[in-house]
Amino acid sequence: MSLLAALALALGLAASAQAAPSGVAPGGPGPKADWGRAGKDGYGTSAGRHSKVWFTLDEGGLSEVYYPNLSTPSVRDLQLVVSDGKTFTERESDATNKQIALLDRDGLTYRQVNTAKSGRYRITKTYVTDPARNTLMVRVRFESLSGKRYHVYALYDPGLANNGNDDTGTSGAHVLLAGDSTAASALAASPAFTATSSGYKDSASDGWQDLKADNRMDFQYASAPNGNVVQLARTSLNGRRGHQRMTLVLGFGRNTAAARGAASGSLKRGFAKARRSYAAGWRGYLGRLKKAPSSVAKYGSLYRSSVMDLAAHEDKTYRGGYIASPTMPWAWGLLTIDSQLPSGPYHLVWPRDLYQIATGLLAAGDRAGAERALTYMFTRQQKADGSMPQNTYVWGEQRWTSLQLDEVSLPIVLAWQLKRTGAADYDHIKRAANFIVANGPVTEQERWENQSGYSPATIASEIAGLICAADIARKNGDAASAQQWEAVADTWQHSVDGWTATSNGPYSPKPYYLRVTKDGNPNAGTTYSIGDGGPSNADQRSVTDPSYLELVRLGVKRWNDPTVLSTQQVVDQRLSVRTPSGRLWHRFDFDGYGEKADGGPWDLSDPDTHTTFGRLWPIFSGERGEYELLAGRKAGSDLRTMARSANAGRLIPEQVWDYRPPGGQPGFPAGEQTQSAAPLAWSHAQFVRLAWSIQAGRPVERPRVVACRYAGC
């Protein structure tokens, strides 16, 4: 058979001896669609800009796929189903032995190996995206370990355009098509599928429900219009020699014709060629960066994957738009909070996270990526007043509208670090600095986004931003503005302890910094509601936070400042936990942003219910390591803790378990990832930056112009 004929057969362009799908699936439109859990163990995309497809992996299968940008998940799930046709039917997610690994030393090629609990079979899948097309390619090997023949199916759950409730599924002879008004997908295989069906999730027409009923594929529905669609395809695999290998291709486009064309092109190219091109792209990217520092000799693989992971968080159309994470933790995935934001805030662009990402990229040698991040922020700056949006979709549309003054300040610090001092950039910097002066030091929301007031961390960023802005102002001949900003920064630097450090709090007779004060009077017993099920009337003197270290890292305070030292003792006693991974910290006292006591997903809860519990954050180990360097001590243990927090797919999560496992049950080891966001770009950026800081013997992010003014150069 010619290659063209084989391709035609694979995509349903030739006649088939199998029964053709027919009829409209019953049971529509199906239940409201949601998204999968957030703790991924694999994340990849091509290094180039042409293929606008990003994939995530979890539970032995493919989870969310993003197309055509990183604010738009378009696939919920794709996994294989195995049956003997008589006695059992099981999904890959039911396997008990699941392994994942990065195959390339310098790439994002992932391999999953899933072995059935029964030992009957083993599935090996290798994932890449085709750098030349909008396609995901999966090389599959299915081995029968029992010697018996099995039936293998592909079970596909699209959720196009960030909405799984309005898709229309169509079953071709050898291809599954799905589409809505803005996007489409095409799932095909080589060898070709032998039967296909489209139905509605959790109904009788759902392919999984069909198989479970009697271990056979009884229905082949031709279409499932306008609903929560699930599609099923029978493959040619049976596990015996000669029937073990298959390439799955998932193509995307604006319509089904474009998606089908993308899948056709990748099948014609073949998996091997696409994989070589995919790997070469990432090797080329790493080759343009600085050689990994000797500080990560033991963690070189994690360092390289972290740098690539940061790059993979950038959108390929809206350059400089690096999202926080390609995940939807907890209620954000279950869609129980905000119907106007179908899949949550993590795949938005946040100036705070963007600053962390940019400084990580800059440390690694990707100056161009850091430059694009700053340009993105300046382009989205609010023209009316000079502030920055709380967050945006990658295309720049503002989503939430609260004011966080560190997000206005940190772009100025980044501009100084990048030496972006020209007239055009200074226009953005001046407007931002004037906004800080007019609105600070009190912030509507601090670093953790749910409290207003005087925050040591936010005030540190404001002071650093103003001093960096003053230095840039003088380079632009604007001495008057420079003097004004320096005067305000000096006043705030002298006042920050009076605003935020209590001398009569319950944890120490010495002054220590609070998370936030509502009134600038840290000795007052002012109360506020913590949120996330925490106390409704917490005394502000009882709430501490490791984020006070921003005062030191940004050069506003010396490392041995008495209040810094006393706060360190308090915070370590109250918030740090020693785990097998190392020492980690909670965000603040009474933090409730995490799973429920029984392991259920975080969701909004009433005050004083203590329904949910925040766990430990690896980023604090990185920030503590940068502090240790300033104190003249080693930070290798902090780097090691971050490395040990990574999962098998080399992804560093937002949170790891403490010693409060869900329901008190085993299987949730302290120091290992929760179902928070993984990967979290901020975590990877902090790991990369700490590695280079250890190499340099000082925090590479610290703006020298600030430190020389307040903390000693």
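The values are calculated or read from the model by the stated rules, or taken from the named source; none is laboratory data. All values reported here derive from a predicted model rather than from experimental measurement. In this analysis, Cβ positions are derived from the backbone assuming ideal geometry, glycine residues included, and neighbour counts consider all displayed protein chains. Just the protein is used for accessible areas: all its heavy atoms, side chains included, with ligands, DNA and RNA removed. Shrake-Rupley method; radii C 1.70, N 1.55, O 1.52, S 1.80 Å.
A few comments on the model shown:
- When segment 312-332 is filtered for residues that are under 12 Å from the mean Cα position of the chain (by Cα) and in a helix (DSSP H, G or I), only ALA312 remains.
- Being more than 30 Å from ARG122 (Cβ to Cβ), part of a strand (DSSP E or B) and in contact (Cβ under 8 Å) with a residue 60 or more places away in the chain is a description that applies to THR170.
- When ALA262, ALA274, ALA258 are screened for being closer than 30 Å to LYS32 by Cβ, crowded, with 24+ Cβ neighbours inside 10 Å and among the small types (Gly, Ala, Ser), only ALA262 passes.
- Filter pass, ASP598 being modelled with pLDDT of 95 or more, assigned to a loop (DSSP other than H, G, I, E, B) and farther than 18 Å from ASP41 by Cα: no
- Of residues in segment 540-567 being among the acidic types (Asp, Glu) and under 14 Å from GLN493 (Cα atoms), the one most open to solvent (accessible area, probe 1.4 Å): ASP561
- Residues of segment 115-138 that are among the charged types (D, E, K, R) and within 25 Å of the chain's Cα centre (by Cα): LYS125, ASP130, ARG133.
- Note on segment 382-440: residues that are part of a helix (DSSP H, G or I) and not hydroxyl-bearing (Ser, Thr, Tyr) total 28.
- Verdict on ASP519 being in a helix (DSSP H, G or I), open to solvent by 20 Å² or more (accessible area, probe 1.4 Å), of a type outside the set (S, T, N, Q) and over 21 Å from SER387 (Cβ atoms): no
- Only residues that are touching a helix residue (DSSP H, G or I) at 6+ places or on another chain (Cβ under 6 Å), part of a loop (DSSP other than H, G, I, E, B) and open to solvent by 20 Å² or more (accessible area, probe 1.4 Å) were counted in segment 49-90, giving 1.
- Options VAL53, VAL24; residue that is closer than 24 Å to SER277 by Cβ and modelled with pLDDT of 95 or more: VAL53
- Test for ARG120: is it farther than 20 Å from MET308 by Cα, in contact with a strand residue (DSSP E or B) (Cβ under 8 Å, 6 or more places away or on another chain) and in contact (Cβ under 8 Å) with a residue 60 or more places away in the chain: no
- Filter pass, SER645 being out of contact with any Leu (no Cβ under 6 Å at 6 or more places or on another chain), open to solvent by less than 10 Å² (accessible area, probe 1.4 Å), among the hydroxyl-bearing types (Ser, Thr, Tyr) and touching a residue at least 12 places away in the same chain (Cβ under 8 Å): yes
- Of all residue pairs spaced 6 or more apart or on separate chains, those with beta-carbon atoms under 6 Å, a first member in segment 286-305 that is modelled with pLDDT under 95 and a second member that is β-branched (Val, Ile, Thr) are SER295/ILE694.
- Members of segment 170-194 that are closer than 16 Å to ASN134 by Cα, open to solvent by 10 Å² or more (accessible area, probe 1.4 Å) and of a type in the set (S, T, N, Q): THR182
- Taking the listed residues ASP218, ASP202, ASP206, the one that is without any contact (Cβ under 8 Å) to a residue 60 or more places away in the chain and charged (D, E, K, R) is ASP218, with no other qualifying.
- Enumeration of residues in segment 426-441 that are open to solvent by less than 60 Å² (accessible area, probe 1.4 Å) and touching a Leu at 6+ places or on another chain (Cβ under 8 Å): ALA433, ILE436, VAL437, GLY440, PRO441
- The condition (being in contact with a helix residue (DSSP H, G or I) (Cβ under 9 Å, 6 or more places away or on another chain) and either in a strand (DSSP E or B) or under 22 Å from PRO21 (Cβ atoms) (or both)) is satisfied by just one residue among LEU289, LEU237, LEU211, LEU250: LEU250.
- Residue, nearest to the chain's Cα centre (by Cα), within segment 153-179, restricted to residues that are over 15 Å from SER223 (Cβ atoms) and among the polar types (S, T, N, Q): ASN162
- Subset of segment 312-355 (residues that are of a type in the set (A, V, I, L, M) and surrounded by fewer than 21 Cβ atoms within 10 Å (Cβ to Cβ)): ALA331, LEU334, LEU335, ILE337, LEU341
- Cβ pairs under 6 Å, 6+ apart, first in segment 41-62 and within 22 Å of ALA280 (Cβ to Cβ), second assigned to a strand (DSSP E or B) and open to solvent by 10 Å² or more (accessible area, probe 1.4 Å): GLY42/ILE100
- Filter result for the condition that a residue is in contact with a Leu (Cβ under 9 Å, 6 or more places away or on another chain) and either at pLDDT 95 or above or among the basic types (Lys, Arg) (or both), over ALA691, ALA677: ALA691
- Of all residues in segment 253-284, those being in contact with a helix residue (DSSP H, G or I) (Cβ under 8 Å, 6 or more places away or on another chain) and in a loop (DSSP other than H, G, I, E, B) number 0.
Results for (1) buried (at least 23 other Cβ atoms within 10 Å of the Cβ); (2) touching a residue at least 60 places away in the same chain (Cβ under 8 Å), shown as yes or no for each residue.
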{"site": "VAL571", "(1), (2)": "yes, no"}
{"site": "GLY594", "(1), (2)": "yes, yes"}
{"site": "PRO601", "(1), (2)": "no, yes"}
{"site": "SER605", "(1), (2)": "no, yes"}
{"site": "LEU616", "(1), (2)": "yes, no"}
{"site": "ILE619", "(1), (2)": "yes, yes"}
{"site": "GLY625", "(1), (2)": "yes, yes"}
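- For segment 488-512, filtered to residues that are part of a loop (DSSP other than H, G, I, E, B) and not charged (D, E, K, R), the residue that is surrounded by the most Cβ atoms within 10 Å (Cβ to Cβ) is GLY505.
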